[in-house]
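**Q** Once you've had a glance at the structure underneath, I'll fire off some questions.
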Amino acid sequence: MMRPTDRIFLIGARGAGKTTVASLLADRLGWRMVDADAEIERQTGCSIRSIFEREGESGFRQLEAETLRRLASFSRAVIATGGGVVVRPENRELLRRSGLVVWLRAEPEVLWRRMDTDPRTAEQRPALTSLGGLEEMQSIVAQRSKWYSECASLTIDTSARSPQDVAQMILEFLARTANEPH
Ligand code: S3P
């Protein structure tokens, strides 16, 4: 019998609720919650936005990949990843073999509305394209959906669900599949 996983990765675009759901889930499981972006900020002493400004997106992606490698060895952890973690193929492979990967998806309009009203946006969310706004969200979701789907063992549409409901669905999935590898 395979050992049940003791590591959960939440993936999905900005505004999907990864950080909120990770906290709720970690509380329910008695595991630790780790936010990958917050880890990068702690390690470098710099905000995500200033890393993008100084080192460009590729500099940030490098730090993100190094951080993911470290987090992928944590036990009893729920890990909220950054929305772009799936851009690099090596990250996608590492995610798939390191734990249960859950994709929190929603329509771009919903993601954009949530992001626009999140106070962390100014500090943590540099522009990713010259499009900005809803158009940027639509293009990012169109580009990345296949990668999120390729990594995930479980996909949850969060559009009309509270973070509590999403956390509960993940707990039920864990209970149902307790003896299967993820
Ligand atoms: C990014 C998402 C952000 C952060 C960085 C890049 C992306 O994380 O990692 O600004 O490329 O989608 P959140 O998904 O937590 O906002």
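The values are calculated or read from the model by the stated rules, or taken from the named source; none is laboratory data. Source: prediction; values computed, not measured. Virtual Cβ from ideal backbone geometry, glycine too; neighbours counted across all protein chains shown. Just the protein is used for accessible areas: all its heavy atoms, side chains included, with ligands, DNA and RNA removed. Shrake-Rupley method; radii C 1.70, N 1.55, O 1.52, S 1.80 Å.
**Q** Considering only residues that are assigned to a strand (DSSP E or B) and open to solvent by 50 Å² or more (accessible area, probe 1.4 Å), look in segment 25-53 and name the one that is farthest from the ligand (Cβ to nearest atom). So that I can check it myself, show each step before the final result.
**A** Filtering segment 25-53 for residues assigned to a strand (DSSP E or B) gives 32-35.
Narrowing the set further to residues that are open to solvent by 50 Å² or more (accessible area, probe 1.4 Å) leaves 32-33.
Values: ARG32: 18, MET33: 13 Å.
Among them, the one singled out is ARG32.
**Q** Pick out the one residue from ARG120, ARG96, ARG113 that is within 12 Å of the ligand (Cβ to nearest atom) and open to solvent by 80 Å² or more (accessible area, probe 1.4 Å).
**A** The conditions single out ARG120.
**Q** Let me ask something additional. Hey, can you tell me all the residues within segment 69-86 that are more than 13 Å from GLY12 (Cβ to Cβ) and surrounded by 16 or more Cβ atoms within 10 Å (Cβ to Cβ)?
**A** LEU71, ALA72, PHE74, ALA77, VAL78
**Q** Is there any pair linking a residue in segment 38-61 that is in contact (Cβ under 8 Å) with a residue 60 or more places away in the chain to one that is aromatic (Phe, Trp, Tyr) and crowded, with 16+ Cβ neighbours inside 10 Å, with Cβ under 6 Å and at least six apart or on different chains, and which?
**A** PHE52/PHE60
**Q** I need a count of the residues in segment 123-161 that are in contact with a His (Cβ under 6 Å, 6 or more places away or on another chain) and under 23 Å from ILE48 (Cβ atoms).
**A** Matching residues across segment 123-161 total 0.
**Q** Pairs only if they're at least six apart or on different chains, beta carbon under 7 angstrom, first in segment 155-176 and of a type in the set (Gly, Ala, Ser), second assigned to a helix (DSSP H, G or I); list them, first residue then second.
**A** Partner pairs satisfying both residue conditions: SER159/VAL110; ALA167/VAL21; ALA167/LEU24; ALA167/LEU25; ALA167/ARG28.
**Q** Within 13 Å of the ligand (Cβ to nearest atom), open to solvent by 40 Å² or more (accessible area, probe 1.4 Å) and assigned to a helix (DSSP H, G or I): does that describe ALA22?
**A** The answer is no for ALA22.
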